[in-house]
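The values are calculated or read from the model by the stated rules, or taken from the named source; none is laboratory data. All values reported here derive from a predicted model rather than from experimental measurement. Cβ coordinates were reconstructed from backbone atoms using ideal geometry, including for glycine residues, and neighbour counts include every protein chain displayed.
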Amino acid sequence: MPANLHTPNWNDLRVLLYVARAGGLMAAGRRLGLDQTTVARRITALETDLGVKLIDRSPRGVSLTSQGLTLLEHAERIEAELMSASERLGAVGQTLSGTVRLSTPEAFGAHLVAPAARQFHQRFPGLQLELVPESRSVNLMRREADIAISLSRPTQGRIVTRKLADYSLGLYAAKDYLARTPPLEDLAQLLERPMVWYIDEMLDVPELRYLDQVAAGATTVFRSNSIAAQQAAIASGLGFGVLHRFSAQGDPRLQRVLPDQLDLQRSYWVSAHADLAPLPRVRAVLDFLTDLIAQHAALL
């Protein structure tokens, strides 16, 4: 090592991690409990120690240079090793503890994970599960979550992933709506019926853009990117919509329509950052998800 360079300080490396994940000095400072000036000073100290420029500043925020990205990879591995050592040492003779943030599609989180929260707590009383059910994709590389359930297999970054389960969706309507309207005999007739759907231009998950497979050109009377809101609207008697079988079959207000003509198949993938996957608390949640899917296999 050149005589004028020093070994990087871990506290400064940790600041770099947060700057990379937050995309700005101020946002990183909020997460770290530091002011923006202190964050900038730590980054400058790190650059001075290493003799390289690590970040580029612009009105839009900060971005890592090529040297910064290289250092980030090493910093993430150091962070993961420290976390792993801490958890393994702390786990000797003790129950698992800490927090695991799980990002899932809304239906999966609301209808499968949340109802099992008590079961999870009884199994891992020292672990706190943070559930983030939403329709957008999360960035595991920026540690927006520890574990993510997605509708497609991630292909970028140092991600450990596997297929969790296949599931089906069908066409549903409220029983009272079906009782007061002419029977639907063919999917083509949906062009003449009211439909509940997503807001397409606000949908960033391609696997959810399946309206053309159901009824291209159908008239939508209500749109929401919340599948729970869609189900509530359909159950109120507003019209037809496509819902997850595992959520709709348990709703006594709903009835499946034309199951022989419409049975959409999709898949859930579970992923974690390669540095976090081996951690005991993360492995515990991954195992729990596997067991949860086994319990609901018949519904999926």
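Here are a few things to note about the model shown:
- Applying a threshold of 9 Å to beta carbon distances and a minimum spacing of six or more residues, or different chains, the list of pairs starting in region 74-97 at a residue that is closer than 18 Å to M141 by Cβ and in the same structural domain as A277 (by TED's automatic domain parsing) and ending at one that is polar (S, T, N, Q) and at pLDDT 75 or above is empty.
- Filtered residue count, region 1-13, keeping only those that are surrounded by 17 or more Cβ atoms within 10 Å (Cβ to Cβ) and modelled with pLDDT under 85: 1
- Residue within region 163-170 that is small (G, A, S), closer than 30 Å to V62 by Cβ and in contact with a Leu (Cβ under 6 Å, 6 or more places away or on another chain) present: no
- Elements of type strands (runs of 3 or more DSSP E) in region 121-198, at least 1 residues being closer than 28 Å to V15 by Cα and modelled with pLDDT of 90 or more: 127-133, 147-150, 159-174
- Residue list for region 99-120, restricted to those being assigned to a strand (DSSP E or B) and either within 15 Å of S271 (Cα to Cα) or of a type in the set (F, W, Y) (or both): V100, R101, L102, S103, T104
- Subset of region 259-286 (residues that are charged (D, E, K, R), over 17 Å from the mean Cα position of the chain (by Cα) and surrounded by fewer than 20 Cβ atoms within 10 Å (Cβ to Cβ)): D260, D263
- Residue within region 201-214 that is modelled with pLDDT under 95 and more than 29 Å from P154 (Cβ to Cβ) present: no
- If you filter region 29-62 down to residues that are of a type in the set (G, A, S) and modelled with pLDDT of 85 or more, you find that the one that is nearest to R143 (Cα to Cα) is G29.
- Residue check for L286: of a type in the set (A, V, I, L, M) and modelled with pLDDT of 90 or more: yes
- Residue count for region 132-177, restricted to those that are free of Cβ contacts under 8 Å to residues at least 40 places away in the same chain and hydrophobic (A, V, I, L, M, F, W, C): 2
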